[in-house]
Structures are given as C-alpha cells and as structure tokens.
2 protein chains.
Amino acid sequence: MITRLSHLFLRTLREDPADAEVPSHKLLVRAGYIRRVAPGIYSWLPLGLRVLREVERVVREEMDAIGAQEISLPALIPREPYEATGRWTEYGDGLFRLKDRKNADYLLGPTHEELFALTVKGEYSSYKDLPVILYQVQNKYRDEERPRAGILRGREFIMKDSYSFDVTDEGLAESYQRHRAAYQRIFDRLGLRYVIVTATSGAMGGSASEEFLAESTIGEDTYVRSPETGYAANVEAVTTPAPEPLPIDGLPEATVFDTPGTPTIATLVDWANSREEVVERLGRPVTAADTLKNVLVKTRLPGKEWELLAVGIPGDRDVDEKRLEASLAPAEFAMLDDTDFAARPFLVKGYIGPRALRDNKVRYLLDPRVVPGTRWITGADAPGKHVVDLVAGRDFEADGTIEAAEVRDGDPSPDGEGTLVAARGIEIGHIFQLGRKYTNAFDLDVLDVNGKPARVTMGSYGIGVSRLVAVIAEQMHDDKGLRWPAEATPADVHVVIANKDEQARTGAESIAAQLDDAGLRVILDDRKASPGVKFKDAELIGVPTIVVVGRGWANGVVEIRDRVTGEAREVPAGTVVEELA
Amino acid sequence: MITRLSHLFLRTLREDPADAEVPSHKLLVRAGYIRRVAPGIYSWLPLGLRVLREVERVVREEMDAIGAQEISLPALIPREPYEATGRWTEYGDGLFRLKDRKNADYLLGPTHEELFALTVKGEYSSYKDLPVILYQVQNKYRDEERPRAGILRGREFIMKDSYSFDVTDEGLAESYQRHRAAYQRIFDRLGLRYVIVTATSGAMGGSASEEFLAESTIGEDTYVRSPETGYAANVEAVTTPAPEPLPIDGLPEATVFDTPGTPTIATLVDWANSREEVVERLGRPVTAADTLKNVLVKTRLPGKEWELLAVGIPGDRDVDEKRLEASLAPAEFAMLDDTDFAARPFLVKGYIGPRALRDNKVRYLLDPRVVPGTRWITGADAPGKHVVDLVAGRDFEADGTIEAAEVRDGDPSPDGEGTLVAARGIEIGHIFQLGRKYTNAFDLDVLDVNGKPARVTMGSYGIGVSRLVAVIAEQMHDDKGLRWPAEATPADVHVVIANKDEQARTGAESIAAQLDDAGLRVILDDRKASPGVKFKDAELIGVPTIVVVGRGWANGVVEIRDRVTGEAREVPAGTVVEELA
C-alpha cells in the first residue's frame, strides 16, 4: 500500500493544541492522528486509525493464540442485567444512562461482565463446554469526571475485554495465567516498558488481580517497587511487614503528662524533646515515629448504618485515603465532622487515646507496625494531656490491623528483601479473578461430571486499546515527534521526495512501488513542499524508517534514516528495497 | 485457520426462535450467528462476527478503490452540531438522546453529516485539497419504532457511511458516480440481486438520490420497475407521464345532476351507469376513472401555520400517503378532521368540486393525468349533487400538479416505454447528492482559484453493513439452512468427520491441515456427534463447500458437497486439496 501525502487527509500543525499538557496528546494532535470532538471524545483521522488497527491486530493475535474467541456484544444495553448485579447504581455518575422512546432504561456499556455471563448461560450447560474464553474489541463508555490527555482517559474509548468461564478455581487460575502471559506478549511486541503490580480489585469485586502499568512520569497510578527483587504493587495493595514483637518485661510504666498546646504531632514531638525525663526514658531524642496518631472515621457498608472506626498509625505517617478506602471496601468511609465530634464528647480532638476508644467500644484498627512491646506517646483523652510509654499488648489492644498508612520510599519491601521506591504509571491492562460474583447474580451453572449443577467461576481481563496508542506515543517520542515501534506504526517506510528533479521524482516513485511490492506499507511524500517541511513532517509523523531521495540522487544514492536512533546513512538507490524488505 | 466445532462457541438450535418471522432471522439465530439482547439490539457470536467482518472487508476494499479514506468519528456526539442543522429536533423520537454528568446534551449518532462537515472544515481550506471522500464503518443508533427481523432493522447497527466534498456541482456528480459504481461492485461481489431505484431524499434534504434495494418479498420498501426497459424507482419517486391535452371544442356542456346518496366513488359510478343520458354523453359505461375525487388535507411547513390543500385525482385511484408526503416535503400534512370541515361549510363532504375550491381560494393541485380537455364527473359542492362533463382547462383550473395518486401494476413507465410492475425490496444502500445544506450550516468554504471563498458541496452515501448480513441470508438460503456466497462465508470449507474410525479421523485432520496450509479457512467438525447431526449442522451453518470424510474413507474416497447446488461427488482423498485450493 502506498499512501501519498499529496492526497492523504492530513494536516500537521506546527503549534501545540491549547488544551494539551502531555507529550502524547500534543504530538498525536499535531501529527494529525486524532482530533477533539468534545471532552474525552475524539475522532481518529487516517494515520491514527491505522495505528489503532495495528494495536488491535496485535491484541487479537495474542488473544486468539490463547484460544480466546472473539464475539461482539452491543454497547447499548438494557438496565436489567446491571440492576441484577447492583452496578446500575454502584457506577454512580460514571455511567452514561439513557431512555428509549418507550421510556425503558438503557446504559452505554462501561464493561461487560453481565452480558458475557448471560451470553455463556444462553449457550452452555455442561462442564464439558468449559473452559471458554470470549473477548471483544469494542467502544466503551465512561462518563469520567476528568477526561484527560486526549485519548489517554477518554469518555468514549476502545477496550479489549475478555472473560473466562471455568468450573473450578484451578481452571480460573489457569485462564488467568494464560491472559497474564498473553498480555506480556502484547505489551512486549508493542515495545512498552511496563510493570505488573498486584492490585486491589476495586469496584469489580473478586480476589486475585494484577495491573499492567506502563512506566510514565505522567501516569495517574502510583505504584511501588523493590528494584532489588522485582516486586511491584499498586500502593493500595502494599502490605506492611509486621516487625517481630518486642519483650514487654522491664519497660517503664505508662505515665500521663500535662502537654498543653500539643494537638499536633509536631507540637507533641517538640514538647517531648523539651522534657528530659521523656527523652531519658527512650534513651534518644523523640521522633514523630514514636507517637501514635488515632484517626477517627466513619464507615458504612452498602445499605447499612454509619459506624465509628479509629485507625491508629505511627505519627510520622499520614493516612493514605486510597489505601484506607481499599482496605475498607466494599464499605465506604468519611472523615468525622464537627457534629460527629460534638455528639461524642469522649473524643477529645488532638488528644484521642486507646483508653477512651476501648471504654466507648469504638472499633479500633492498628497499623501493622504497632506490634506487642512497642512503646508509644499518644493521647490521654483529656485536653492538653498525653500518655508516654503506652505499650502495645500491655496497656492497650485493638480489634485488628489495617493498611491505611502511606507507603514511602525506603519502606521495606513486602517480599522481605530490599526497599520500596515509588513510581508512576499508566494502567494499560488489568486482569481479575472475579470468582462467582457475576455468575451468582445470574445463576450461571453447568452440570458437573455427576450431573449436578456447578456454579461457574469467572475472570475478567481488559486492555485499553485506544489508550495504548497514547501510551506508546508517550513512551516513544522525542522533541521532534513520534517514534512508532514496528508493530504499531501507520506505515513501514516514509519516502521523502526532496529533489525537484523529475528523474529523482520518478526514482522515488519507483522505490515506493518496489517497497509496496515487497509487502511494505509506504508513505510517499509527493507534495509540492520544501524539503525542510517534508523532513519536519516525517519526524513528526514518526514512521520508523525514512528514505530520502534528495541531492544524492544524481550520484545514485539515497539516504536511509532511522527515526529511533537518528542514524542516517547513504546507500546505492538500487539496494534500498533489498535493505528494507 | 482451522476452527474446531468441538471448541467453537456455538450451539445450533433445532427450533425457530419464537419472535422470528422472516427466514434470515430464524436461520441466523438457529445457526448460532446472532443472539438477541433487547429489541433491535443483538450480539454477534463467532460465526456471525466473521460474516460481518467479511462484508466489512468487501465494503472497505471497494471504498478504498475509489480513493475514499477511512477515519473514525465518535458515536457519542454533543448536541450542538445537530442543533445547527436542525436535526436534533427533526429526528424526533428516532434519536437516542442523553445527558452527561454535567447535564450537557449528547446523542448517539444516527448518521454523521454534521461531524464530517466539521472534520473537513477543521483540516482543509483550499480548492486544491478537494475533492475528498471520507468514510467510516461504525455502530449507528436509531430508536426505531418497530425494530424488525433481527438485524434487518436494528436499533444498534453497523453502517458504512461516506461523505464526499467537492467545490463544484460537476465534482459532486462525479463523486456520486464513483460511489454508485463502488456500490454496484460491492453488491455484485456479495452475489446480491438488487435494483437501483431513483429515490426521494426524505429527511436528508438535497437533490439527486438513488437507493439500492435488494429484491425480497419481505422487504419494507415498495418499488416499481419496467421489465422491458430496466427502469426502476421508489414508488415515491415515480412520475406520472402526462397524456397529450385533448381538444376541447365540441365537448358537451358541464351539467349538474341530482345524485342523491352518492358520497362515494362506487355509489357515484352506479348512479352514472343507471342514467342513460350520462352514459350516452360518454358513449360507453362510466368507470371510476371518469370521476374526479377531491381530497382535502392541511399542510404545514416547519415553523409555519397549517394551510388547506385540495388534491384532485382520478376516482379509480387512492391517495398514496407516502407519495403525497414525499411530494409535499419538507412540509408535513394531515387529513382534515370533523372540526376542520365544520369550520368550512363550503366543503361539502362527498360532494366537493373545483368551484368551491376556487371561490374559497383553496390551493388546488391535480394529478398529472388531469390534462386540458379531459372530462370529469365530480362534486357540485352541494349535498347530493354532482356535475358531469366538467372539462379541465375549460371549466376549471388548478394551481399545479402533484404526484399523490397510487402507482399500480400496469401503469405506463415514466421512461416512456413498457409498463410498471410493483415489487418489494430491502434498502441496502443509499446515495445522495446533498448539495450545500450541511456546508451552509457550518459555513464550510474553501478558497477557490481566485482566492475567493467557495461553498463546498457534499454527498452522503450509506451501506447498512450489518443489515447486509441479514439480506444475504434472506436471498441465499433454503429450507435446510444458510448458503453463504464466497465473499461473505465464515469459512471456505466445512470438513465433517462422519466416520468413527481412528484412521478416518486422522485423515480428516490431515485434509483440514492441508486446506489450511493452502490458505483456506476451514471448519472441522470433530465433535462426538452422529453423522446425521453433523450433516444437519453443516447445512444450517451454510459454508459453500462441505467435505465429508465418511464410509468411503476405507476405499480412499471422500465426498465433496456443494451447499448451493446440492451436488455431491466422490473424489479420491488425495485430490481434495488440489480440487478446492
């Protein structure tokens, strides 16, 4: 295929679009790949559509290779299946809802667990039919609060979603592993730098779950990894290694001190270091890590009443609300407001301690670092009073532990070796072992070997196909433009006619035709523009190999430029096809 | 590619689905190609999706061949562009409308004239950029009042829509002709029987327009054709050849008769034939065609007041409301109700004549057959009175002619030769010369040769891609199942293992592998089912060539069955691949 720039529906832009902040967004618009229609809603112009189709091709090839079968379900879906699983409501404002002329409720599918479960239920009935993996590549719709960065977070976007159906948990684990391997091959073929992080499953429910995060400083997902061990996890999924309990015998008694004007950790630490007897007890200066901060929230399970919860964490850390949220899910939580405090006078703001929590039967969860034998300075439940050397396991107990404290660079890695480093990434894939949440909602059973109904177990796996185009652009570009990997490029070779001589033009046409014959996809810049304009556009468009038919033509040579390395070399015109084909 | 039925996500059904009335719907469901999700909303299972992709491939190849460029615009579209052209309102209940979380109005695109015009406006600015043809293959949405026959008339469906942009009318005519030719190639390749009919442009506005109708007795579109000349037209587009005017001199005078109890044409004709003097005037028995029926309607242009209109047609014909509607468009019309008559006592129901219409300045349009010199029996504007020998051009005039009378088998063909025959068809393609309606709405200009702005002219062209799957099935099936043409089949060869012998199975596997190597797409029925079940399924699924590895295997022969002709022949197993590849 030869695509002539004289004819291609393409106008490159010299200026960055005003609404673009990240490189991929700027470059994809400037190079004429995409155009904005509305917030989070984009058009794909010819070159953009080609890249998208290439990415889809890679995704399909690897899905087919694990035996997945492609089908296509509607994007416009009646309410009932999503009502059955509760997601009609749970999705909140993120769901596009509409009514038809008969006033029946519909939605635009954000993900299709319900319909796939119903589709399998409609066809299959025996354990012999399973396992099966079905997938589709389809427009999805989510009414994002903050659509972002062009096609990186759109409201209409293309997703590959697949679903596995197995009779046994072992089968599900195998379907999951097949997806995991297929996803690695897909992202490897696209040349992406990414990590696989353990993830909480969020609103999807279910158990084992991993995210594929493309490394990117503009990513919205924070993850941590241990460079020494390769461990990587979503911050929400990081577990805190609990230290060994310490001996309690011989520790000084807990003592209440007057600590006027110390409602914050900083003022409390200042106070402690100003009191010699306190410093002497510890044998070293007091730090924020020696204090125990009790944070009060209220939590609520869907359909239930609000309940009080206290979270105790070392004073040198803040609560990470995303981690807290993940730990409490499916319950939601909210911070206490002044009314809540006023209704509970035993909660003395700034001076809350374990005693009042216990006496008033407030549920109390501790950071895993608060093991028996650790000594704490914490609130004494009276204004201007703290207790020193309150020892866990001797002076107070809790109802359990909770992962709510922030994770920091240098924290020990949960796998027992090395320390964590924070990084940012963009979610490009997500694999879930959903289990039976959705099959329970629809009574999806098959008859087992003994003719008894067995509830099917399900996995759900997604790749943001249109997002991948942005992610590739984000990882592979320079200040001149895009630099597509071989598997995603809109063309294989970009031939620039940089010589007005008629013979050079004929020669370039002939080279393009031969490359086409050799099965390569060619862009031929046959426009009446200056070489400078053509070179700039070639770099902006980002096809990996650029062939320049320029001044050297008179001497029988053309130039081959590698868009990635920037390397250029002259070769005899007659050998170009051989070199590139 | 080898697709094993032991693994394929497919369950054929022996019974017709309860909601299916037409063969294509029954068979596509029974053969496991599609499944219903909601009214007019379907899922594509693996075999159905393959056929759909094949049809898309043919469409794309022929669009690319005329230089059309594929892009992809969103299906979720903001209201504003459709507001600018008035279609936000004009589409009425047929449009799916929704709001986003910020309460902004959106719609699901039913067709994309607006966005394509805006897309071209965004990129192009010179006459040198034109002509350009852009297309997409995309999910479209229309909230049909009566979704019908499975995927034949869906509410979510796939359409290829393309749009041409030209500076001149001649350019538009050429883009139109290129589409016309491409559409013929597409439908020819798919083996469809179809006609091209001149069409009214309906709600799309604009001028020249043709429809491609697949011949089908279950079609919703009625068209007529002249078998002698090949003329074909939508009934709405048929023009009535006006006969030559007749001499007026010597015709008897118009005479009013008492015609008690003759408010209908039938009673009037009976009366006339019972009066010798009336029959003698004509010199033959009176027929309904000698009477002139004046039908009163009210019409209204968008945003205007209702206006009275009288339509005079020969009494042997009914008004065809679709033809009347097309003639009056963009004005709408309604029949008069009792209140309307009560408010206008000069309209004597059953006895309305041209005189009262003239005296009361009612707009009056006549069937083209009512030429000067024709003699009519018509109302005399008083109860129980008619006038005989009222001569057009002598005794009454009208404000013009109108195509409102029904078209009937045997009517003369508008092209001057032969007579019309009515037939039914399914619309599979539609091509329009839109003109400047949409470019005017968005001020889409380019600079012409002289640097002056020139308004671009536009064409719009659509193919119902998902509908085509149903139409092919409708035209190509028998009582046993589907019969796909080579360009649309989900596989090239269907190999049935109809022999339990292990050697036969190995042999079938080897044949399938060789066919696959030869580039053919193979379905291999390797299930543990009886030969009878397998044969039935093969016929139902409808792959054009079936290879049976059965009893003959022991003698080194296999059977090749042609699904279309039904012909079966035995061939040496060793030659199968050679024969089919």
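Worth a mention:
- Taking 0.36 nm per residue of sequence separation and removing the Cα-Cα distance, the residue A:277/residue A:361 pair yields an extension gain of 26.9 nm.
- Here the mean projected area of the convex hull built on the C-alpha positions of the stretch A:78-184 is 8.8 nm².
- Note on residue B:581 and residue B:300: the model spin-label points, each 7 Å out from Cα along the C-beta direction, lie 7.1 nm apart.
- Ascending list, in nanometres, of distances separating the residue B:346 label from those of the other copies (7 Å, Cα toward Cβ): 9.4
- Angle between chain A longest axis and helix A:169-189 axis [Cα atoms, degrees, rounded to 10]: 50
- Karplus-derived 3J(HN,Hα) values for the stretch A:456-465, using 6.51 cos²θ - 1.76 cosθ + 1.60 with θ = phi - 60°, are 6, 10, 10, x, 9, 9, x, 10, x, 5 Hz; glycine and proline are entered as x.
- Integer Hz, Karplus 6.51/-1.76/1.60 couplings in order for the stretch B:476-492, x for Gly and Pro: 10, 7, 9, 6, 8, x, 7, 9, 6, x, 3, 7, 10, 5, x, 7, 8
- Under 5 Å from the amide H of residue A:209 lie the amide H atoms of A:199, A:433, each residue being 5 or more positions distant or on a separate chain, with H modelled from the backbone and absent for Pro and chain starts.
- Nearest beta-carbon to the B/A symmetry axis - residue in chain B, distance in Å: B:98, 2
- Selection from A:214, B:137, A:152 lying farthest towards where the dipole of the protein assembly as shown points positive, charges on Cβ: A:152
- Inter-chain neighbour count for A:149-162: the average number of beta-carbon atoms from partner chains within 10 Å of each residue's beta-carbon is 1.
- Helix axis angle, B:531-541 relative to chain B longest principal axis, alpha carbon, degrees: 40
- Interface of B with A. Using a 1.4 Å probe and counting protein heavy atoms only, the two chains hide about 4500 Å² of accessible surface, both sides summed.
- Gap separating the Cα centres of the stretch B:559-578 and the stretch B:492-545, nearest whole Å: 12
- Cut-off 12 Å between beta-carbons: net charge of the residues surrounding residue A:103, Lys and Arg +1, Asp and Glu -1: 0
- Going from the isolated chain to the complete set of protein chains, the stretch A:69-90 loses at least 30 Å² of heavy-atom accessible area (1.4 Å probe) at A:69, A:70, A:71, A:72, A:74, A:76, A:78.
- Using a Förster distance of 25 Å, the FRET efficiency for residue B:478-residue B:222 (Cβ separation, nearest 0.05): 0.45
- Taking the Cα centre of the protein assembly as shown as origin and assigning +1 to Lys and Arg Cβ atoms and -1 to Asp and Glu Cβ atoms, the resulting dipole is close to 380 debye.
- Averaged over peptide B:124-137, the number of partner chain Cβ atoms lying within 10 Å of each residue's Cβ comes to 1.
- Mean Cβ count within 10 Å, highest first, over the residues of peptides A:76-82, A:40-46, B:336-342, A:285-291: A:40-46, A:76-82, A:285-291, B:336-342
- Across the identical copies, the 7 Å label point of residue A:125, projected outward along Cα→Cβ, sits 6.7 nm from its counterparts, in ascending order.
- For the protein assembly as shown, radius of gyration divided by Kirkwood radius, i.e. Rg to Rh on alpha-carbons: 1.07
- Peptide ranges A:20-26, A:247-253 listed from the most packed, as the mean C-beta count within 10 angstrom indicates: A:20-26, A:247-253
- Ascending list, in nanometres, of distances separating the residue B:422 label from those of the other copies (7 Å, Cα toward Cβ): 7.7
- Over 18 Å apart at the Cα level, from the set A:293/A:349; A:102/B:26; B:121/B:437; B:128/B:452, are A:102/B:26.
- Think of each Lys and Arg Cβ as +1 and each Asp and Glu Cβ as -1; about the Cα centre, that makes the dipole of the stretch B:5-152 roughly 640 debye.
- Chain A: relative contact order in percent, alpha carbon pairs under 8 Å with at least 6 residues between: 18
- Descending semi-axes in Å of chain A, equivalent ellipsoid built from Cα gyration tensor: 55, 32, 22
- Low-density loop positions, trypsin sites (Lys or Arg not before Pro), the stretch B:519-581 - DSSP coil, at most 11 other Cβ in 10 Å: B:528
- For residue B:185 and residue A:57, a Förster radius of 35 Å and the Cβ-Cβ distance give a FRET efficiency of 0.85, rounded to the nearest 0.05.
- Chain A, accessible surface, carbon-and-sulfur percent (1.4 angstrom probe): 49
- Only Cα sites of the stretch B:255-401 enter the Debye sum here, all with the same form factor; the resulting log10 I(q)/I(0) across q = 0.11, 0.18, 0.20 1/Å is -0.40, -1.05, -1.28, listed in q order.
- Computed over the stretch B:491-580, Kirkwood Rh from alpha-carbon pairs, angstrom: 12.7
- Taking the longest Cα principal axis of chain A as reference, the axis of helix A:265-274 is set at about 50 degrees.
- Rounded accessible area per residue of the protein assembly as shown, 1.4 Å, Å²: 42
The values are calculated or read from the model by the stated rules, or taken from the named source; none is laboratory data. Just so it is clear, the model here is predicted, and its values are computed rather than measured. Methodologically, a virtual Cβ is constructed for each residue, glycine included, from the backbone with ideal geometry; neighbour enumeration extends over all protein chains shown. What goes into the accessible areas is simple: the full protein's heavy atoms, side chains included, and nothing from ligands, DNA or RNA. Shrake-Rupley method; radii C 1.70, N 1.55, O 1.52, S 1.80 Å.
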